[in-house]
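Engineer: What follows is a single structure, and I will ask about it in a moment.
None of the figures in this text is laboratory data; all of them are computed from the coordinates on show. These numbers come from a predicted model, not from an experiment. For neighbour counting, all protein chains shown are included, and Cβ atoms are generated from backbone atoms with ideal geometry for every residue, glycine included.
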Amino acid sequence: MKIHPTAIVEDGAQLADDVEVGPYALIGPEVVIGPGCRIQAHAVITSKATIGERNLIGYGAIIGAAPQDLAHNDSIVSEVRIGDGNTIREYVTMHRGSKEGTATTIGNDCFIMGGCHFAHNVRIGNRVILANNSLFAGYASVDDNVVTGGGSVFHQFMRIGKNVMTRGGTRFSKDIPPYCLGDERKIAGLNVVGLRRAGFKPETRKEIRRAFDLIYRSGLNVTQALAESAGMEWGPEARVFLDFIRESRRGICGFKGGSSDDEND
């Protein structure tokens with residue numbers, strides 16, 4: 001274990017033998033850090049934070065601090081849980097859950113760039129890429145393989161479906177369905193380039209487009225389009241798209257119109 005002499009690791013903290021801790025880092029007594037992790041200078045990891053294997057915690061990052069929630073009090077026991085293989089860059093703030101026994105959770109193999117903020121009870125999936133200063137309010141949920149542009153802002157309780165990409169500097173208050181491009185509170189089309197890179201076959205992309213067109217371009221409202229979809233045959237990927245919309249509590253982002261995605265995919 002390589003712990004810089006200026007770092008503070010409080011009694012009770014559990015660190016794997018090969019964990020590296022940089023200058024002036026602070027690790028609290030209830031923290032658990034797995035093998036292969038590097039904690040860089042001035043990082044603070046506190047409260048009940050559990051960090052898996054092979055994670056980088058960047059300079060000045062704050063993991064496990066109390067949430068910025070007026071309903072929270074310090075007697076509440078809550079957590080931050082981080083999976084394996086994540087890069088969490090400098091000055092990321094990741095707050096623990098605001099209610100007893102709850103957690104903010106990060107999956108595996110995510111790349112979280114500098115200045116991102118995760119309020120209480122945020123859930124991030126696997127292989128997610130978040131550009132600088134992406135901000136997630138309480139209970140926001142992000143599914144696998146999402147990419148956000150820098151400075152994107154996401155409302156509390158909203159959900160972002162798998163394989164979504166959002167433009168930088170944009171705001172969202174309703175759910176973004178899977179496979180879509182997000183652009184300032186609206187959907188700009190399908191994330192066709194992202195689907196190709198993820199290995200979706202042409203016939204699968206075509207069926208996803210058919211589902212997208214039914215929801216956004218058929219002239220039906222969402223309830224009518226979902227009813228129409230119930231009598232149609234769909235593969236598993238298209239069903240993910242339709243089920244997400246069916247289960248949405250906040251409602252989904254509307255369609256921006258035009259053809260910013262690849263209509264000939």
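Engineer: Apply the Karplus parameterisation 6.51 cos²θ - 1.76 cosθ + 1.60, with θ equal to phi minus 60°, to every residue of the stretch 106-115 and state each ³J(HN,Hα) to the nearest whole Hz, in sequence, with x for glycine and proline.
Structural biologist: 10, x, 10, 6, 8, 10, 10, 7, x, x
Engineer: Compare the Cα positions of GLY254, PRO202, ALA225 along the charge dipole of the stretch 200-255 (+1 at Cβ of Lys, Arg; -1 at Cβ of Asp, Glu; about the Cα centre) and return the one farthest towards the positive end.
Structural biologist: After comparing all options, I get GLY254.
Engineer: List nothing, just return the count: lysine pairs in the chain, 8 or more apart or interchain, with Cα separation under 25 Å.
Structural biologist: Final tally of qualifying lysine pairs is 13.
Engineer: Would you work out the relative contact order for the stretch 179-264, in percent, from Cα pairs under 8 angstrom that are 6 or more residues apart? Numbers along the way, then the final one.
Structural biologist: Details: 77 pairs, mean separation 37.2, N = 86.
Result for the stretch 179-264 is 43 percent.
Engineer: Based on DSSP H runs of at least 4 residues, each adding -39500 (n - 2.57), what is the mean residue ellipticity at 222 nm of the chain after dividing by all its residues, to the nearest 500 deg cm²/dmol?
Structural biologist: Helix contribution divided over all residues of the chain: -4500 deg cm²/dmol.
Engineer: Roughly speaking, what is the centre-to-centre gap between the stretch 66-93 and the stretch 216-230 when only Cα atoms are used, to the nearest Å?
Structural biologist: 39
Engineer: By the scheme Lys and Arg +1, Asp and Glu -1, what is the net charge of all other residues having a beta-carbon under 12 Å from that of ALA225? It would help to have the intermediate numbers written out before the result.
Structural biologist: Numbers: positive: ARG210, ARG217, ARG246; negative: ASP213, GLU228.
Cβ neighbours under 12 Å give a net charge of +1.
Engineer: Now for a separate question. Quick one: Karplus J couplings for the stretch 48-54, per residue in order, coefficients 6.51, -1.76, 1.60, θ = phi - 60°, nearest Hz, x for Gly and Pro?
Structural biologist: Going residue by residue, I get 8, 9, 10, 10, x, 9, 6 Hz, with x marking Gly and Pro.
Engineer: May I pose another question? Quick one: which residues, 5+ away or cross-chain, put their amide H under 5 Å from the amide H of CYS110? H built at 1.01 Å from N.
Structural biologist: ASN86, THR87, ARG127, VAL128
Engineer: Pull up the DSSP beta bridges for the chain and report the antiparallel fraction as a percent, rounded to 5. All intermediate terms of the calculation are to be shown ahead of the outcome.
Structural biologist: Numbers: 4 of 61 bridges.
That works out to approximately 5 percent antiparallel.
Engineer: Among LEU70, LEU56, LEU195, determine the one that fluctuates most according to a GNM of the chain built with springs between C-alpha atoms less than 10 Å apart.
Structural biologist: The residue that fluctuates most here is LEU70.
Engineer: For the chain, divide the Cα radius of gyration by the Kirkwood radius and give the resulting Rg/Rh value with two decimals.
Structural biologist: Dividing the radius of gyration by the Kirkwood radius yields 1.04.
Engineer: If you restrict to DSSP beta bridges whose two residues both lie in the stretch 92-220, what percentage is antiparallel, to the nearest 5?
Structural biologist: 15
Engineer: Let me ask something else about it. When the chain is modelled as a GNM with alpha-carbon springs shorter than 10 Å, which of GLU30, GLU79, GLU90 fluctuates the most?
Structural biologist: Maximum among the listed residues: GLU30.
Engineer: Hey, another quick one. How do TYR24, TYR139 line up, fewest other C-beta atoms within 10 Å first?
Structural biologist: Ascending Cβ contact count within 10 Å gives the list TYR24, TYR139.
Engineer: Gaussian network model of the chain, Cα springs within a sub-10 Å range: biggest mean-square fluctuation belongs to which of GLY34, GLY219, GLY97?
Structural biologist: Largest GNM mean-square fluctuation: GLY219.
Engineer: Turning to a different aspect of this structure: What does the charge count near VAL32 come to, summing +1 for each Lys or Arg and -1 for each Asp or Glu among other residues with Cβ under 11 Å from its Cβ?
Structural biologist: Counting the neighbours of VAL32, the net charge comes to 0.
Engineer: State the percent of C-alpha pairs, over all pairs in the stretch 116-167, separated by a distance greater than 15 angstrom.
Structural biologist: For the stretch 116-167, the share of Cα pairs beyond 15 Å comes to 36 percent.
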